[in-house]
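A.B. asks: Quick one: structure below, then a few questions.
A short reminder: the numbers here are calculations on the coordinates, not readings from a lab. Nothing here was measured: the structure is a model prediction, and the numbers come from that model. Please note: Cβ atoms are built from the backbone with ideal geometry, for glycine as well, and neighbour counts cover all protein chains shown.
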Amino acid sequence: MGLINKVFLAGNLGNDPDVMETEKAVKVAKFSIATGGRYTDKDGNEKDNTSWHHITAFGQLAGSCEKHLAKGARVFVEGRLEENKWEDEQGNQRRSVAIIAVRVEFGSPKENRE
């Protein structure tokens, strides 16, 4: 069996996408979505469990995200996990995991903002 690196998420945008262009004029859109659920703790209290996921889209997909996504919008993302490792200023090893989007479906349109 081959190796699989695939992620499917449905959630809400925390902020408008942050869009930039690389030196080679490739658009890059970065945004975070919240997913979650509810659980019951050991005392019987219901609790919300929200997870934040960092998404990066490139090229035409980034342009579509810029055009159609806004804070609070519902979105479906298909992508792959990418781990980043670095050393911080204090010499500590750090890591983060981002999702590189290959498909984004827009659940609610971007509204006109004042």
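A.B. asks: Rounded to the nearest 0.05, what FRET efficiency do R94 and F8 have when you use their Cβ-Cβ distance and R0 = 22 Å?
C.D. replies: Computed FRET efficiency for R94 and F8 comes out at 0.25.
A.B. asks: With the cut-off at 30 Å, tell me which of the pairs K27/K47; K42/K85; K6/K27; K42/K71; K47/K85; K30/K85 have Cα atoms farther apart than that.
C.D. replies: K27/K47; K42/K85; K42/K71; K47/K85
A.B. asks: In the chain, what % of DSSP beta bridges are antiparallel (nearest 5)?
C.D. replies: Approximately 95 percent, going by the DSSP bridge assignments.
A.B. asks: Sum -39500 (n - 2.57) across every DSSP H segment of at least 4 residues in the chain, then divide by the residue count to get the 222 nm mean residue ellipticity, nearest 500.
C.D. replies: Result for the chain, helices only: -2500 deg cm²/dmol.
A.B. asks: Once you sort the root eigenvalues of the Cα gyration tensor of region 1-55 as a ≥ b ≥ c, which label holds: rounded (a/c under 1.5), prolate (a/b larger than b/c) or oblate (the other case)?
C.D. replies: oblate
A.B. asks: Longest segment of the chain with no trypsin sites (Lys or Arg not before Pro) in a DSSP loop having at most 14 other Cβ atoms within 10 Å?
C.D. replies: 72-112
A.B. asks: For N84 and K67 in one chain, what is 0.36 nm times their gap in residues minus the Cα-Cα distance, to one decimal in nm?
C.D. replies: So the chain would gain 3.4 nm between N84 and K67.
A.B. asks: A follow-up question, please. Among rounded, prolate and oblate, which fits the chain when a ≥ b ≥ c are the square roots of the eigenvalues of its C-alpha gyration tensor, a/c under 1.5 means rounded, and a/b larger than b/c means prolate?
C.D. replies: Here the chain falls in the oblate category.
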